[in-house]
1. Tell me which of these residue 101 doesn't satisfy, since it passes every other one: (1) within 15 Å of the chain's Cα centre (by Cα); (2) within 16 Å of ligand 1 (Cβ to nearest atom); (3) surrounded by fewer than 24 Cβ atoms within 10 Å (Cβ to Cβ).
2. Tell me yes or no: at least one residue of the range 76-88 is among the acidic types (Asp, Glu) and under 19 Å from the mean Cα position of the chain (by Cα).
3. Pairs only if they're at least six apart or on different chains, beta carbon under 6 angstrom, first in the range 1-17 and more than 14 Å from residue 40 (Cβ to Cβ) and touching a residue at least 24 places away in the same chain (Cβ under 8 Å), second among the hydrophobic types (A, V, I, L, M, F, W, C) and in a strand (DSSP E or B); list them, first residue then second.
4. Please go through the range 1-12 and pick out each residue that is part of a loop (DSSP other than H, G, I, E, B) and either within 15 Å of ligand 1 (Cβ to nearest atom) or buried (at least 19 other Cβ atoms within 10 Å of the Cβ) (or both).
5. Given the conditions (1) in contact with a helix residue (DSSP H, G or I) (Cβ under 7 Å, 6 or more places away or on another chain); (2) open to solvent by 30 Å² or more (accessible area, probe 1.4 Å); (3) β-branched (Val, Ile, Thr), and given that residue 42 satisfies all but one, which numbered condition is not satisfied?
6. Just the residues that are open to solvent by 10 Å² or more (accessible area, probe 1.4 Å) and either under 18 Å from residue 93 (Cα atoms) or basic (Lys, Arg) (or both), please, taken from the range 13-36.
7. Among the residues of the range 83-118, which ones are under 12 Å from residue 41 (Cβ atoms), aliphatic (A, V, I, L, M) and within 16 Å of ligand 2 (Cβ to nearest atom)?
8. At least 3 residues that are within 16 Å of ligand 1 (Cβ to nearest atom) in each: list the helices (runs of 4 or more DSSP H) lying fully within the range 130-197 that qualify.
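The values are calculated or read from the model by the stated rules, or taken from the named source; none is laboratory data. Please read these numbers as outputs of a predicted model, since none were measured by experiment. Backbone-built Cβ (ideal geometry, glycine too); neighbour counts: all protein chains shown. The accessibility values were calculated without ligands, DNA or RNA, using every heavy atom of the protein model including side chains. Shrake-Rupley method; radii C 1.70, N 1.55, O 1.52, S 1.80 Å.
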Amino acid sequence: MTAPELFDTHAHLHVPEFADDLDAVQERARAAGVTRVVTIGTDVATTTAAIALAERDDRTWATAGIHPHDAAEADEAAFAEIERLAHHPRVVAIGEIGLDYFRNLSPPDVQARTFRRLLELARRLGKPAVMHCRDAHPETLTILEEERVREVGGIMHCFSGDVAIARRCLDAGLLISLAGPVTYPNARALPDVARFVPGDRLVVETDCPFLPPQGYRGRRNEPAYLALTAARVAELRGEPLAALGPRMSDNARRLFRVD
Ligand SMILES: [Zn+2]
Ligand SMILES: [Zn+2]
């Protein structure tokens, strides 16, 4: 039996954690049915690395963005370089961008300003946005609505809210991406969210090397493990993975406009 086709909508494959065995990681991903990956930039250096990887592999695409953790470091030269990189044909989205009020590694007002500025870039380029949001859902949703993310679409990555927040994200025009935490015994509202989101608005991701699914916790995450997260989501929804996997993959391909 061949594994159902899956799309890892959020990975960080270009980071040093994968430098020594990336070929083997990508081989295991393909064997697990994970045929497409978007590798996510978080600043100028990682966006550059993500594009370099996407240029070498026709089933890997990149994003260009400044993570809220890195917002305080971003000067005018950094914004100019992200804008230049964002035009690259292998860059399928602007992100990850957003607000992280859990760790607050950059001041909240700087995070918000950076987030708005890159949403404006997404609109100008007509590329979708990939959002990071931690402990900042009301503020993030307000900005997404004011900056009209609906015009380009996007993904709320590693969704960590409840059904009410999921509904607002859907109303704002976003897809919802579930990651490893949906497999955890203490998944809180995530099983309800997995059942609530319509099948044409749902995607999955690893966020590797972070957040491995249950069974691999404490280890490096990798795209092959997406199969476990997708299987858990299918189980929660009472749908066969053979149908849900390709459907979620189609959702991602439509948003990112890739084959
Ligand atoms: Zn993130
Ligand atoms: Zn990430």
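1. All conditions pass for residue 101, except number (1).
2. The answer is no, given that none of the residues of the range 76-88 is among the acidic types (Asp, Glu) and under 19 Å from the mean Cα position of the chain (by Cα).
3. Correct list of pairs: 6/34.
4. Filtering the range 1-12 down to residues part of a loop (DSSP other than H, G, I, E, B) leaves 1-5, 12.
Within the range 1-12, 4, 12 qualify.
5. The failed condition is (2).
6. Looking only at the range 13-36, we keep the residues that are open to solvent by 10 Å² or more (accessible area, probe 1.4 Å), and these are 14-17, 19-24, 26-28, 30-32, 35-36.
If the condition is that a residue be open to solvent by 10 Å² or more (accessible area, probe 1.4 Å) and either under 18 Å from residue 93 (Cα atoms) or basic (Lys, Arg) (or both), then 14, 28, 30, 36 are the ones that fit.
7. Applying the first criterion (under 12 Å from residue 41 (Cβ atoms)) to the range 83-118 yields 85-86, 88, 90-97, 118.
This time we only want the ones that are aliphatic (A, V, I, L, M), so: 85-86, 91-94, 97, 118.
91, 92, 93, 94, 97, 118 - these are the residues of the range 83-118 that are under 12 Å from residue 41 (Cβ atoms), aliphatic (A, V, I, L, M) and within 16 Å of ligand 2 (Cβ to nearest atom).
8. Numbers: elements: 137-146, 163-171, 190-196.
Because the criterion is at least 3 residues that are within 16 Å of ligand 1 (Cβ to nearest atom), the helices (runs of 4 or more DSSP H) in the range 130-197 that meet it are 137-146.
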